[in-house]
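These notes concern the structure reproduced below.
We did not get these values from a lab; they are worked out from the coordinates using the rules stated. Given the structure is predicted, the values throughout are model-derived calculations rather than measurements. Here the Cβ positions follow ideal geometry from the backbone for every residue, glycine too, while neighbour counts run over all protein chains shown.
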Amino acid sequence: MATTLPSDRSAGRNAAAILGAAILATGLLLAACGSDGALPPTAARSEGVTVPIPPPPAATATAAPMTPESLVGQTADAVNAKLGQPSFARRDGPSSIWQYRGTGCVLDLFLYRADPSAAPVVDHAELRPLPADGPRPDPACLAALLARTS
């Protein structure tokens, strides 16, 4: 049985370390060949580690298009500023009904006062077809109502 000398063990360890480094280097070179080296836009390098980057916040320069639901909770003054005077208005005690009529739709707003000293607030809004048995109104009809007041 042969015994290994301490110098043979060191040589074996060195050879294993060199072989491991060579395999690692070959893998890195092959990976680099298949890539242009650029990171995806959602990642960045930090000390050799790829770190995800959150997407930028959405642009807020343009407001979301107005929907009937977006009017709920707004005061009568705010609605007047956006839509102008209603085509029809009726008041019954603490509540009011306002209608804005377009060429193919009617916007109904139901406003209520929480107490007599409070400003009326939109509690419910509905966009319905005109005539009543017509097809479901297109959101463009509401946009046309807005454009009338601009």
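Of note:
- The number of residues in the range 74-89 being more than 11 Å from Leu111 (Cβ to Cβ) and in a loop (DSSP other than H, G, I, E, B) comes to 3.
- Positions within the range 105-126 being under 29 Å from the mean Cα position of the chain (by Cα) and not in a strand (DSSP E or B), in sequence order: none
- If you go through the range 132-148 and keep only what is of a type in the set (Gly, Ala, Ser) and either on the phi > 0 side of the Ramachandran plot or touching a residue at least 12 places away in the same chain (Cβ under 8 Å) (or both), you end up with Gly134, Ala143, Ala144.
- Residues that are free of Cβ contacts under 8 Å to residues at least 24 places away in the same chain and under 16 Å from Ser70 (Cα atoms), drawn from the range 81-97: Ala81
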